[in-house]
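Below is one structure; the comments refer to it alone.
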Amino acid sequence: MIKFLFLLFVSFSGMTASESDLWEKINRASLASQNLSYSGILNSVDENQDIHSTRMIHVNHKNEEFLKIEKIDGAPNLLLMHQTDAFLYYNNNDNILIQRNKNARLFPNIFPANVERLKENYSIFNGGAFRVANRQSTMIVLNPKDQYRFNYHLWLDNETYLPLKLMVIDNNQKTIENISFTNLEFLSNYDVSWFSPTVDPQKKYIINEENKISQSVRKFWSVEQLPQGFEEVSYNAKRYSGLNAIAHQIVYSDGLSYISVFIHPVPKNQKPQTGSTQKGSNNIHAKYKQGYQIMAVGAVPMNTLSILIDNVNLIK
Amino acid sequence: MSEIISSIIDNELKGKDFDVSLNELAKNSNALSKYRTYLMISDVINNEYLDVDPMLTSKIMSKINNEPTQFYNGFFRSNQSSVSFDYKKYVFVFALGLLIAFILSLATNFHFNSSSNNYSVNEILASDDISLEIIEDHFSITTRNPNYYLEAGYHSNI
């Protein structure tokens, strides 16, 4: 009996140690994506199985992150990002349109500030050894503990823990997101002279000031109960073209999955959009409540969107 | 009495004779009725009958001559040998259809916009109806795919 309990204790400890080791790998992966300097080609596969490629350089210089991403296919759009400030350069015929964004979480830096949050909603497994971008890696599988989110598969570099590949798989075992390095080089030179756009004198550079509403907006909605693990991470209000009213975008996340909820009044001459559909990797669910359209968009199960919208109450 | 009536109509009586004849006529209802009939005939003969357009008959005949010959289902061939379509018959049906559609549309909008209850949802939303701006705004904040990030999030305000 004592022998049996000892074996049970050993096996339980082993499992716990294994899980905590895997979570520790996730923690290290988060740090590696911010602290290491690397460059490489990233491929992503869209819902039509088309491959899109971008060239990425990330340098951590004196604890400051510099990131440059260029599109290799199609329009040569460019992203320059310093810490949380992102500047996007869009090629538009004769013009280069510059737009400023904030707080992008781009692969491989996809983890929330507090990785511990993930433990509440995902179970972690070792998916085995794989070779990705000519490097040895370990696949880590994050399975949801409930029905409100999808499965995440991460391939972490064995040497540095840097994520080399990410796949998001829905409940029908369909891959809805697939990003991976096809080649990768770790940099020892912390020179950041490359951190500037290539100026084309033939083109006119225009800064695009988006029509976001800067003043505080009265929050006339409340969410009775969010799906387990989700919390509000972002809010925007802006006037959409074709909609003579302010639309509110509230973003909720569990650390890996994101849902945008758009709330706007429905003009009297327009029919509200209601129902469910899918666009690319995102599910979309919309409802009409008390003169307002509430639309949720996210790469999560449709039921999660439905529950979220059902719990939005409008306060008048 | 007929002679008196005839004299009055022919304006042959003058002065006192005219007054006496009228008094006689007024006393006899049969004579008065006859007088009215004679007067009407006289007016028509003299083209002085006010309620009847003297050109009416000729106008009616002219219209009848110009009227096309109908042969079936509203399609007919005119006397000028050109084919035409009796659109009025169909315009009415079309207008009625439009009216019904308009009333239905009003009723639907009223339901959508005035109901204080939640609109029940169990239908399929048309994917193409989703505003690109909404999808791009979602991507510009939430995507982890650098490629999507470089494509989404830009809305020209210039």
- Would a scan of the range A:234-244 turn up a residue that is at pLDDT below 90 and among the aliphatic types (A, V, I, L, M)? yes
- Message: Taking the condition of being open to solvent by 90 Å² or more (accessible area, probe 1.4 Å) and not in a helix (DSSP H, G or I), how many residues in the range B:11-46 meet it?
- Response: 3
- In the range A:95-137, residue surrounded by the fewest Cβ atoms within 10 Å (Cβ to Cβ) [restricted to those that are of a type outside the set (A, V, I, L, M, F, W, C) and under 12 Å from residue A:254 (Cα atoms)]: A:114
- Query: Going through the range A:64-106 one residue at a time, which ones are charged (D, E, K, R) and assigned to a loop (DSSP other than H, G, I, E, B)?
  - Reply: A:73, A:94, A:105
- Picked from the range A:221-242 (must be of a type in the set (S, T, N, Q) and open to solvent by less than 40 Å² (accessible area, probe 1.4 Å)), the residue farthest from the other protein chains (Cβ to nearest Cβ) is A:236
- Query: Taking the range A:243-298 as the search range and keeping residues that are open to solvent by 10 Å² or more (accessible area, probe 1.4 Å), among the small types (Gly, Ala, Ser) and under 26 Å from residue A:149 (Cβ atoms), which one is nearest to the other protein chains (Cβ to nearest Cβ)?
  - Reply: A:276
- Query: Of all residues in the range A:46-77 being touching a residue at least 24 places away in the same chain (Cβ under 8 Å), within 17 Å of the chain's Cα centre (by Cα) and open to solvent by less than 40 Å² (accessible area, probe 1.4 Å), which is farthest from residue A:198 (Cα to Cα)?
  - Reply: A:46
- Item | Condition check for residue A:93: under 15 Å from the mean Cα position of the chain (by Cα), among the polar types (S, T, N, Q) and at positive phi | no
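The values are calculated or read from the model by the stated rules, or taken from the named source; none is laboratory data. Everything numeric here is computed off the predicted structure, so don't read it as measured data. With ideal geometry, Cβ positions are generated from the backbone for all residues, glycine too; neighbour counts draw on all protein chains shown. Heads up: the accessible areas ignore ligands, DNA and RNA and are worked out on the full protein's heavy atoms, side chains in. Shrake-Rupley method; radii C 1.70, N 1.55, O 1.52, S 1.80 Å.
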